[in-house]
1. Could you give log10 I(q)/I(0) at q = 0.06 Å⁻¹ for the protein assembly as shown, computed by the Debye formula over C-alpha point scatterers of equal weight, without solvent?
2. How shielded is A:342-350 by partner chains, expressed as the average number of their Cβ atoms within 10 Å of its Cβ atoms?
3. Answer with one residue from B:Ser130, B:Cys43, B:Pro110: the one whose Cα lies farthest towards the positive end of the charge dipole of chain B, charges on Cβ with Lys, Arg +1 and Asp, Glu -1.
4. Can you give the convex hull volume of the alpha carbon atoms of the stretch A:220-289 per residue, in Å³?
5. Give the order of A:Met256, A:Met306 when sorted by the count of other beta carbons within 10 angstrom, beginning with the fewest.
6. I'd like the per residue volume of the convex hull spanned by the Cα atoms of chain B, given in cubic angstrom.
7. If you count the DSSP beta bridges with both ends in the protein assembly as shown, what percent of them are antiparallel, to the nearest 5?
8. What is the fewest-to-most order of A:Ile368, A:Ile192 by other Cβ atoms lying within 10 Å of their Cβ?
Amino acid sequence: MNIQFRDRPEQAPAASVKTAIADCDIHPARAMPTELYPYLAKRWHEHLQTYGKHAYQGMMEGPPYPKAQPNASRRDAYPPEGGPQGSSLSFMQKQLLDPNNVALGVLNPLQTGQGLRNQDLAAALATAINDWQIEKWTARDSRLKGSIVVANEDGRAAAAEIRKRAGDKNFVQVLLLSRNVEPLGQRRYWPIYEAAQEIGLPVGVHAFGFGGNPITASGWPSYYIEEMVGHSQCQQTALASIVLEGVFERYPKLKMVMIEAGFGWAPSLAWRLDRNFERLHSEVPHLKRKPSEYIRDHIWWTTQPMEDPERRDHLFELIEWIGWDKLLFATDYPHWDYDDPSRVLPAGVSDANREAFYLGNAKKLYGIS
Amino acid sequence: MVRHVIAPVDELPPGTRKFLTIDERPIAIFNIKGEFFGLLNRCPHQGAALCEGPLIGLAQSSDPGEIEYTRLGEILRCPWHGWEFDIRTGQSYCDPKRFRAKAYPVNVEPGSAVVKGPYVAETLAVSVESDYVVVDL
């Protein structure tokens, strides 16, 4: 008879991963809005206090739909020192990076003010958030790498910010969001792709954003669950636009990452594009190859949300089409739909594919040795 | 089955929960309106610390437009993905056939029973006047 317990223990993280992994979608947060002030000119402090930020749509406060958990985040991810989930480096190290053996963590800051009506403010905020990523995160933990946030609706300002960061090893990609004023293949965004190709970084397109358009193609839905599935619809629109406008013909070395919008829809979108391309080729004569070929060559996919069909062979068939060399593991920490690395991949994957999935593909794409 | 004495009842008033590690297992004990429940503090879906989630009610609908919200405070919502479990049984409301949170029976025993054993509380100063929360593992 042995009766023992510890009172309110430090519970070990449920997952402990033996081999090193990359986490290609981590969301760092500001502990408070003024945390960016040291990186912003005084003029913008006063502007923000007087006028605030104006997005392309209503909803002055918060995101378009309330999220499933506070700050759309895990309830166990509040830092002990206070502040919102994702705002503490030391707690992120303790809860995410160390126990999961994360060798490379790619930061994707959200709600940064990328798409604001005041384009000068958007550009100033983008520069500030990039400086903040270096000082608060990447300079303090070499495992973390930033994404260059840009004022996406102003191609010229965005390209200038990208070129300013050329060769800076703190950054591994350029970050766009999926909801924009226009579909992402449109010409106003081309300077972003040109600059990204020039400095040799992939462009990540993360679900979300404030583009001013309804979040589905037929208007504003009733439920948050509809927004969640709407992300993949929006990403399909963006991808079709990028391919059909000839972005990859114009920028043949450009690589793109579809972040947090699933990948199960990729084959069917590509098949439909190819079928229509056979018949409507003369409308888009600037395309020299089938749409599916551009997609397979130029697009990488992060895994969270990982498709979870009832039969794992269906998942493997999807991945066969996409390519085991194109998937990048992501947790989406600290967000509530977090994927645990020890649970996400079903059994039956070869060691080589498993290593590529968890680490190899990301290191190659992001140029991490 | 081994019985573990957790705490005097007074230390776990209604609406509170207590986290423990017993035989290397993370466990949480809940007092809901005077009834005690124990669950393994690990979500069967992806392993989150399940019992850190909020206690909510059960939203059910017999027909579209008809919503019934019952059993307030008896449904545990996982802090990660929001999966819902019945705190009384561990049953999942998301996928009852595949997933179930491990539930442990929790009882209240008088101090005299705890002292006389066979259940000896090694880490508590047991006073026979009190009642104790006891979990079967």
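Read-outs throughout are calculated quantities, based only on the coordinates presented, and are distinct from any laboratory measurement. Bear in mind the structure is a predicted one, so any value in this text is a computation, not a measurement. Backbone-built Cβ (ideal geometry, glycine too); neighbour counts: all protein chains shown.
1. -0.33
2. 1
3. B:Cys43
4. With only Cα atoms used, the stretch A:220-289 gives 108 Å³ per residue.
5. The fewest-first ordering by Cβ neighbours comes to A:Met306, A:Met256.
6. 112
7. Looking only at bridges with both residues in the protein assembly as shown, the antiparallel portion is about 65 percent.
8. So the ranking, lowest neighbour count to highest, is A:Ile368, A:Ile192.
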